[in-house]
1. Would a scan of region 555-576 turn up a residue that is aliphatic (A, V, I, L, M), over 25 Å from D667 (Cβ atoms) and in contact (Cβ under 8 Å) with a residue 40 or more places away in the chain?
2. Can you run down the residue pairs with Cβ atoms below 7 Å, 6 or more apart or on separate chains, where the first is in region 411-426 and under 17 Å from Q44 (Cβ atoms) and the partner is part of a loop (DSSP other than H, G, I, E, B) and open to solvent by 30 Å² or more (accessible area, probe 1.4 Å)?
3. Just give me the residues in region 88-101 being open to solvent by less than 20 Å² (accessible area, probe 1.4 Å) and touching a Leu at 6+ places or on another chain (Cβ under 9 Å), in sequence order.
4. Would you mind listing the helices (runs of 4 or more DSSP H) fully within region 418-486 where at least 2 residues are within 16 Å of the ligand (Cβ to nearest atom), open to solvent by 20 Å² or more (accessible area, probe 1.4 Å) and at pLDDT below 95?
5. Have a look at L82, L115 and point out the one that is within 20 Å of the chain's Cα centre (by Cα) and more than 16 Å from the ligand (Cβ to nearest atom).
6. Say we look at region 548-588 and pick out the residues that are modelled with pLDDT under 95 and in a strand (DSSP E or B); which of these is farthest from E502 (Cα to Cα)?
7. Are any residues in region 607-640 open to solvent by 50 Å² or more (accessible area, probe 1.4 Å) and either among the hydrophobic types (A, V, I, L, M, F, W, C) or under 17 Å from L664 (Cα atoms) (or both), and if so, which ones?
8. Out of W137, W167, I need the residue that is under 29 Å from the mean Cα position of the chain (by Cα) and open to solvent by 20 Å² or more (accessible area, probe 1.4 Å). Which one?
Amino acid sequence: MNNITHETKLTLFYIFIAFSFSILMRLIWVYQFYGYEAFMFNGQFMINTNDGYLWAEGARDLLAGYHQSNDLSAVDSAASRLTALFAYILPFSFESIIFYMPVILSSLIVVPIILIAKTLKNLEMGLIAALLSSIAWSYYNRTMAGYYDTDMLNIVLPMFLLWSIIWAINTHKNIYLLITALDILLYRWWYPQSYSLEFSFFGLILLYTLVFDRKNVYNYKLLALMLFAMMGMETWIRSILVITAYLIFRNEKFDKYIYYILAASIVIFFASGGFDPIILRLKLYIFKDEVLSVNEGFGLHFFTVMQTVREAGKIPFETFANRISGHTITFIVGFFGYIYLVYKQKIMLLALPMLGLGFLAYFGGLRFTIYAVPVIALGVAFIITEIAKKLPTAKMQVLFQITATLLILYPNYLHIDGYKVPTVFNAKEVEIVTALGQKAQREDYVVSWWDYGYPLRYYADVKTLVDGGKHEGDVNFPVSFVLTQPQEIAAKMARLDVEYTEQTFTLNEENIDKNLTLFSNIEQMTKGFGLNNTNDFLLSLETEIKLPKKTRDIYLYLPYRMLNIYPTVTLFSNIDLMSGAKGESPFFYISRNFQELNDKIVLGQGVSINKSDFSLQLGNQTERLRRFVKTSYTQDMNLQVDEQLIDFSAKLSLIYMQNYGTFLLVDENTYNSLFIQLMVLEKYDENLFEKVIFDPNVKVYKLKI
Ligand code: MN
């Protein structure tokens, strides 16, 4: 008895050490930026992941008790609900809760790791693996302070699942039946895409049962409970099924019915659509084209975001290894260590699904590496403890384990120390967005690029057309059009897109059971104007067309930082939707790193301006400039624009934004775009727009039409 208490105490002590270590390492970023006002809002650091603002918006609305229909607020998401709960019961500010939630929750990963090691009678292995996992490169990146996203529990929950199935199979205790099923319910609630890992675990247990342990009724109970937890039904129904089945299974006199219950669980599982996510997945992979081309109508060709994310194929092995373990050697030792561990402890085969998912990263999808982190860490830790065992004295054993652990942790510490990611917005931008929120109604729309969608909704509580989750080619098209086309047609498109977006929501609600196929806004607009070619429709915007009835205000949010992605923004509307042909790329060159010499200004990359005659040097070619424009702020922060027309037949214009230290070299289309005219030059048509907030960081306009 004494022995058990000692083991339990040691387990708790190791968990405490590893948990504290994980938290302290995540405070390095906080320490580095302590007092840096640009990263703070309401006296707390802001978060550093764009998607986090979606959960934050949902939690804010849950706490407020209301939100606007079709404002895309994530009030139903697990992340928002858990956040709202914490904000409700804890005495900290909302901003502190979302900033520190990943720090605390992700550090829980040390618990299942140490518990798994406990069942293998090797607690030191657990401690070493927990320390490494908690700060391993990719796990840290996706769970650091302020990385407020579902990742904070995405590895913790499957590790608890792994722990409970290992303990279930090792001990055959009834309680682990329940814990396994509850963990699946929780994991699925938190992260609906979790089914692939759950199915893999299920498959392995099924295989294990059929091959090694066919007669054991416990295994069938475990399988049946897992199926009940994974069904295609509401969480509460599944919870009731799970608890009922558990209560029956606990009572051995019902054991003779287990095969009927298992059969029932299989039938209900398939009948309820429990297998549908897998079928959908397979369809997406195998019948790729079929699924994506069911769209009839005009069959428009939109530019997809995937085309801009050139995450081409494989990642280098070193990156892959670093992200999993912090160093190539650690990774290789860990990999063979895991194989050796499996050889010694067959039960660890159950960790294969996590390792497999992690290794998928090698073939594309860097984000998957985090799944392999704890498994490889257990492998390294096992090798370290095995070597230690061979050493002659206890003192040498301890010394070796400490040294080896520090060595594997060190590269990861270096990574953390150098990983100085900024917050999504800076304090000044948030101040502007908050001010915009005071002026705008909650039903109003703010039009901006999708990168700013979630933060705009969080800080201003407005509606947006595009955001971090809604940015397919067809929804990006009108927004890209608004930002990159001349003011007049851009203004009309903004009004059209907002009104069509709202109309589509209403149509969807009215026809919710009718399986109505709704086409892209741009296709609906074209048809609405009695045309059957989107190009004709876009041309008609230049004429006097009748706009839909104005139901709300529209604001344009134009941040200076969008200049960096302007060429990407153009891609989505610089395409012939009917044929799919891409338009000519705009000429857009930005330089912040220029050098002034006696006779010329060198902008870099072979581009320079001759001071004497304002001619442009592009490599060996000399070209005339169309115009030279200089913008600067007066003392009372009014923008002054000096425009010099040089050669009306030339193509390119040079804009010098003096206070920003920025040169822009652009063609005529870019020069006339809404973004350049309204953000850079403040040359807005007063019939179309009205000034709302003019700040060097951001210009906000209100649409008048
Ligand atoms: Mn709202």
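1. No, the conditions are met nowhere in region 555-576.
2. Here the result reads V424/N50, each pair linking region 411-426 to a residue that is part of a loop (DSSP other than H, G, I, E, B) and open to solvent by 30 Å² or more (accessible area, probe 1.4 Å).
3. Passing the criteria: I97, M101.
4. Answer list for region 418-486: none.
5. After applying the criteria, what remains is L82.
6. K582
7. Of everything in region 607-640, those that are open to solvent by 50 Å² or more (accessible area, probe 1.4 Å) and either among the hydrophobic types (A, V, I, L, M, F, W, C) or under 17 Å from L664 (Cα atoms) (or both) turn out to be K611, F614, E623, R624, K630, M637, Q640.
8. Step by step, each of W137, W167 is checked, and only W137 is under 29 Å from the mean Cα position of the chain (by Cα) and open to solvent by 20 Å² or more (accessible area, probe 1.4 Å).
The values are calculated or read from the model by the stated rules, or taken from the named source; none is laboratory data. Remember, predicted model here, so these are calculated numbers, not experimental data. A quick note on method: Cβ atoms are made from the backbone with ideal geometry, for glycine too, and the neighbour counts reach across all protein chains shown. When the accessible area is computed, the model is the full protein with side chains, heavy atoms only, and any ligands, DNA or RNA have been set aside. Shrake-Rupley method; radii C 1.70, N 1.55, O 1.52, S 1.80 Å.
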